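For reference, the structure is listed below as structure tokens.
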Amino acid sequence: RGRATLSVIVRAYGEGMRLVLSQDVTERERAEAMRRDFVANVSHEIRTPLTVLSGFIETMSSLPLTEAERKRVLHLMTQQTQRMQTLVSDLLTLAQLEGSPRPAPDHWVALDALLARVVADATALSAGKHFVAAAPETGMELAGVEAELFSAVANLASNAVRYTPEGGQIELCWRELADGCGEITVADTGPGIAKEHLPRLTERFYRVDGSRSRDTGGTGLGLSIVKHVAQRHGGELQIQSELGKGSRFRIVLPAVRLRHAGQAALGIEA
Ligand code: ADP
């Protein structure tokens, strides 16, 4: 009797179970396709500089070069090596962010100092080509991991410097919103990004202009890292951009992770 009941149940739920099973398979296939894409992308990103490097090694070993030519080739080889180092370092950062639990909100990061460091780095990177404006001090602190937050804001600032043509303006600011949330903004007067690209910008290796990105040392992983850091701190990355006008990247953070310096911690959930 028990078996008969079971077969009725299986018949009744059969369709539903098949649906759940097929959804599960589709999900697995999608994850597998993403993994394959990722491996293909990483291989391509590593193979290109390696090919260039082996070409230079061949040149150096088979051709008599003048001292000036030798210096030039060594400079180009250094660039390709640095490109691979940055790629590996970004890949490790992403793997660490994806593999570790959300940071415990037990450390308060002084936002003014953090932004000041990013502004100093962006100013150096820009080498006088842009006007880099900083936010006025607010005395706010944010609960989180300082190294992660720094890397997120620094990534946005480095993008702004790399994509904004000479003479442009880059603004880094921090403010408290009316609902108590906070936002860190990095805005530029650069080329802007067409609407159709916006939803895909935070995908790993997604680039609007591949050669511009690579020429300026980009790995295609920066915004993916920023998105992860924002989410791990309970927030999100928002992107607004208009072609020909510029872009505005905002890391919006929840009120529970913010306090005025010295104020007692608010009730934060891990
Ligand atoms: P990348 O290393 O290529 O800069 P990111 O993940 O940081 O990778 O950015 C993804 C793409 O988004 C870039 O390749 C570029 O096309 C576009 N992008 C990012 N920031 C800006 C910006 N400030 N202005 C214009 N385009 C940008």
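A short reminder: the numbers here are calculations on the coordinates, not readings from a lab. Since the model is a prediction, treat every value here as computed from it, not as a measurement. Because the Cβ atoms are built from the backbone with ideal geometry, glycine has one as well, and the counts that use them run over all protein chains shown.
Pick from 111, 91, 74 the residue whose mean-square fluctuation is largest in a GNM of the chain, springs joining Cα atoms under 10 Å.
74
At a Förster distance of 35 Å, what's the computed FRET efficiency of residue 54 paired with residue 175, Cβ-Cβ distance as r, to 0.05?
About 0.10, to the nearest 0.05.
Per the Kirkwood definition applied to all pairs of different Cα atoms, how many angstroms is the hydrodynamic radius of segment 123-264?
In segment 123-264 this quantity evaluates to 15.6 Å.
Between residue 196 and residue 82, what is 0.36 nm times their sequence separation minus the Cα-Cα distance? Round to one decimal in nm.
Full extension from residue 196 to residue 82 adds 37.9 nm.
How about residue 245: which aspartates and glutamates have a C-alpha closer than 19 Å to its C-alpha, ignoring those fewer than 8 places off in the same chain?
Straight-line reach from residue 245, under 19 Å: 166, 171, 188, 196, 209.
Springs between alpha-carbon pairs under 10 angstrom, Gaussian network model over the chain: which of 222, 235, 244 fluctuates most?
244
Is the shape of the chain best called rounded, prolate or oblate, per the rule: a/c under 1.5 gives rounded, else a/b larger than b/c gives prolate, else oblate, with a ≥ b ≥ c the square roots of the Cα gyration tensor eigenvalues?
oblate
In a Gaussian network model over the chain where Cα atoms closer than 10 Å are linked, find which of 216, 59, 93 has the largest mean-square fluctuation.
59
Test of the criteria: in segment 55-161, which GluC sites (Glu not before Pro) are in a DSSP loop and have at most 16 other Cβ atoms within 10 angstrom of their Cβ?
Here the GluC sites (Glu not before Pro) that fit, given the DSSP loop and packing criteria, are 137.
Taking a spot 7 Å from the Cα of residue 212 along the direction of its beta carbon, which residues of segment 235-250 have an amide N less than 12 Å from it?
Under 12 Å, as judged by backbone N against the label point of residue 212, lie 242-247 of segment 235-250.
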